[in-house]
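Read the structure below first, then the notes.
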Amino acid sequence: MLNLKILYKTDPRIHFCPDCKKQGGLKKSRSRNFYEKFVKFLTPFSMYRCQLCGWRGFKSGYLIKAASFKSLFIYFFLFAITIMIVSFILKRFIIK
């Protein structure tokens, strides 16, 4: 079966800390100011804090894998074919 997912949802709490490189220390942190709330609202990033080293920053809950590029290529190809078909129909039958 072909999996056409582009983004894979992951749990950043089990990933490595960007600062100390240890696994399992990340915990969700509250947004403290307008900037952090703004970034959290508009992007897939959330605030996390490492309980082991104290690092605090943004981390995404989504991952792009190598198979994602194959899916993107398939979607782009289907989009291009659709554009060509619609263009042909418009030129041939509607716009004269």
Entirely in region 19-82, the strands (runs of 3 or more DSSP E) that have 1 or more residues that are touching a residue at least 24 places away in the same chain (Cβ under 8 Å) and out of contact with any helix residue (DSSP H, G or I) (no Cβ under 9 Å at 6 or more places or on another chain): 45-50, 56-60, 62-64
Where residue 42 falls short, out of the listed (1) under 21 Å from residue 8 (Cα atoms); (2) surrounded by 10 or more Cβ atoms within 10 Å (Cβ to Cβ): (2)
In region 61-90, the residues that are more than 30 Å from residue 36 (Cβ to Cβ), open to solvent by less than 90 Å² (accessible area, probe 1.4 Å) and of a type in the set (Ser, Thr, Tyr): 71, 82, 87
Residues of region 1-18 that turn out to be of a type outside the set (Ser, Thr, Tyr) and assigned to a loop (DSSP other than H, G, I, E, B), as a count: 10
Qualifying residue in region 5-20 (condition: touching a strand residue (DSSP E or B) at 6+ places or on another chain (Cβ under 9 Å), farther than 28 Å from residue 72 by Cβ and charged (D, E, K, R)): yes
Every residue from region 25-39 that is open to solvent by less than 100 Å² (accessible area, probe 1.4 Å) and closer than 15 Å to residue 49 by Cα: 25, 26, 29, 31, 36
Test: residue 54 is at pLDDT 85 or above and at positive phi: yes
Test: residue 58 is of a type outside the set (Gly, Ala, Ser) and open to solvent by 80 Å² or more (accessible area, probe 1.4 Å): no
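The values are calculated or read from the model by the stated rules, or taken from the named source; none is laboratory data. Keep in mind it's a predicted model, so treat the numbers as computed, not measured. Virtual Cβ from ideal backbone geometry, glycine too; neighbours counted across all protein chains shown. The area values use the complete protein model at the heavy-atom level, side chains included, leaving out ligands, DNA and RNA. Shrake-Rupley method; radii C 1.70, N 1.55, O 1.52, S 1.80 Å.
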